[in-house]
Amino acid sequence: MGGGGTPGTLLSVVGARPNFMKLAPVARAAARRPAVRHVIVHTGQHYDAEMSDTFFQELGIPRPDHNLEVGSGSHATQTALIMQRFEPVCLEVAPAAVVVYGDVNSTVAAALVAAKLGVKVAHVEAGLRSRDWTMPEEINRVVTDRLADWLLAPSRDAVDNLRAEGVPAERVHLVGNVMIDSLVASLPRARASRAAARHGVDKGPFVLVTLHRPNNVDAPATLRVLLDTLGELARRMPVVFPVHPRTRGRIAEMGWTAPPGAALKLLDPIPYLETLSLEDRAALVVTDSGGLQEETTFLGVPCLTVRPSTERPITCTEGTNRLVKAERDAILEAAGEALRARRPVARPIERWDGHTADRILEVLVDGAGYRV
Ligand code: UD1
């Protein structure tokens with residue numbers, strides 16, 4: 001590891017649910033290297049046991065060395081609080097690199113602190129772009145990549161985006177998709193968990209749904225259309241919908257209830273292995289999550305992403321994903337087509353092979369290059 005900081009010390013910062021699946025393989029790869037000290041900071045952006053603790057337990061992630069306990073708040077409040085509380089930790093640990101993951105507020109906040117302290121930043125999942133500036137995640141991605149010294153890209157389109165933005169080529173490494181490391185490592189356990197049977201949907205095809213983006217759930221009119229459409233879909237086959245706390249809050253405010261006779265199961269958030277097990281068995285996934293677009297592509301499960309754009313276009317061009325508008329007819333038509341079609345065959349994507357975390361450690365610790 002070049003530059004300042006304590007040689008051999010890496011400091012990972014995570015905060016929200018999708019970060020944890022990305023951290024787990026890096027923590028394992030770091031633990032296999034006796035010369036590496038890996039410090040983990042949890043910002044506390046997600047704090048419910050079902051949004052955080054269960055992921056650490058199931059994925060075998062060591063207990064965080066520091067928890068900043070920032071909790072929920074406006075973007076400015078949350079980002080500022082993370083920065084304020086992370087700065088002294090970063091100074092104390094004095095790592096050779098701060099490693100940040102994905103595109104959540106914890107990612108950009110930690111990257112800003114490190115960059116201003118002159119500590120090098122490694123961004124896992126660099127280069128993804130939706131080009132939709134109404135998404136807070138797009139702002140987080142662009143700013144984090146601008147600050148990063150190591151840009152660890154999951155796919156070639158991400159490398160192309162960074163090149164087009166003028167990022168020096170020597171900083172960019174095509175390491176692959178680290179979340180697929182977690183999927184590969186966890187799939188046997190997930191399959192053994194038989195989640196579909198536990199939810200009573202193992203006798204036939206079912207649809208798995210997740211929706212939590214502000215664009216879909218914060219406007220009552222849009223959310224009502226989506227819920228009513230899911231109710232219609234659930235007349236055809238069971239729909240299993242683990243509900244994110246943001247969405248749960250909005251549904252409660254609206255006072256919406258499922259139409260009678262519809263097999264629409266609204267659940268509390270479910271753990272990682274259960275999600276993976278349901279995804280693997282689903283006839284169709286309807287989502288606005290980034291991670292599920294990638295996991296369904298890897299598993300060969302058809303996916304409808306309820307968004308006007310995606311920062312993961314490879315899941316559409318090479319995978320099983322299709323974008324669909326948040327409108328009743330568009331969703332029902334696309335769902336009908338996907339359910340009538342033969343189940344797609346999963347095609348391997350370059351470096352989505354379960355070994356991304358090892359490549360990340362090679363880049364950060366050994367100075368290896370995965371340049372393309
Ligand atoms: C955040 C990320 C988003 C990611 C998502 C995954 C940002 C800008 N957004 O969105 O990219 O896809 O996590 O889940 O970083 N809440 C709880 N318990 C918790 C956490 C949140 O009840 O443990 C509720 C709170 O009411 C909170 C709301 O959910 O206000 C939203 O949480 P927040 O972390 O602000 O954003 P997410 O919608 O979770």
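The values are calculated or read from the model by the stated rules, or taken from the named source; none is laboratory data. This structure is a prediction, so every number in the text was calculated from the model and none was measured. Cβ sites come from the backbone with ideal geometry, for glycine too, and all protein chains shown count toward neighbours. Accessible surface is based on the protein model in full, side chains and every heavy atom, while ligands, DNA and RNA are left aside. Shrake-Rupley method; radii C 1.70, N 1.55, O 1.52, S 1.80 Å.
Residue pairs whose Cβ atoms lie under 8 Å apart, sitting 6 or more positions apart in sequence or on different chains, and linking a residue in region 61-87 that is acidic (Asp, Glu) to a partner that is in a loop (DSSP other than H, G, I, E, B) and within 14 Å of the ligand (Cβ to nearest atom), are Glu69/Gly44; Glu69/Tyr47. Within region 309-334, the set of residues being outside any loop (DSSP other than H, G, I, E, B), open to solvent by less than 90 Å² (accessible area, probe 1.4 Å) and either closer than 17 Å to Gly127 by Cβ or in contact with a helix residue (DSSP H, G or I) (Cβ under 6 Å, 6 or more places away or on another chain) (or both) comprises Ile314, Thr315, Cys316, Asn321, Ile331.
When residues in region 60-100 are screened for being on the phi < 0 side of the Ramachandran plot, more than 16 Å from the ligand (Cβ to nearest atom) and loosely packed, with under 13 Cβ neighbours inside 10 Å, 4 of them pass.
In region 181-196, the condition of being within 16 Å of the ligand (Cβ to nearest atom) and over 24 Å from Gly336 (Cβ atoms) is met by at least one residue. Of all residues in region 37-59, those satisfying the criterion of being among the β-branched types (Val, Ile, Thr) and open to solvent by less than 20 Å² (accessible area, probe 1.4 Å) are Val39, Ile40, Val41, Thr43. Please verify whether Asp53 is within 16 Å of the ligand (Cβ to nearest atom), among the acidic types (Asp, Glu), under 21 Å from Pro25 (Cβ atoms) and touching a Leu at 6+ places or on another chain (Cβ under 9 Å), treating the condition exactly as stated. Considered against the rule, which asks whether it is within 16 Å of the ligand (Cβ to nearest atom), among the acidic types (Asp, Glu), under 21 Å from Pro25 (Cβ atoms) and touching a Leu at 6+ places or on another chain (Cβ under 9 Å), Asp53 comes out as no.
Is it fair to say Pro25 is open to solvent by 40 Å² or more (accessible area, probe 1.4 Å) and more than 10 Å from the ligand (Cβ to nearest atom)? For Pro25, the condition - open to solvent by 40 Å² or more (accessible area, probe 1.4 Å) and more than 10 Å from the ligand (Cβ to nearest atom) - is not met. Of the candidates Asp103, Asp145, the single residue that is within 20 Å of Ala16 (Cα to Cα), surrounded by 21 or more Cβ atoms within 10 Å (Cβ to Cβ) and within 12 Å of the ligand (Cβ to nearest atom) is Asp103. Checked against (1) without any contact (Cβ under 8 Å) to a residue 24 or more places away in the chain; (2) within 24 Å of Arg191 (Cβ to Cβ); (3) over 16 Å from the mean Cα position of the chain (by Cα), Cys303 passes all but condition (3). If the condition is being open to solvent by less than 80 Å² (accessible area, probe 1.4 Å) and part of a loop (DSSP other than H, G, I, E, B), then region 351-372 contributes Arg351, Trp352, Asp353, Gly354, Gly367, Ala368, Gly369, Tyr370, Val372.
Filtered by the rule that a residue be more than 11 Å from the ligand (Cβ to nearest atom) and open to solvent by less than 40 Å² (accessible area, probe 1.4 Å), region 200-210 gives Val201, Gly204, Phe206, Val207, Leu208, Val209.
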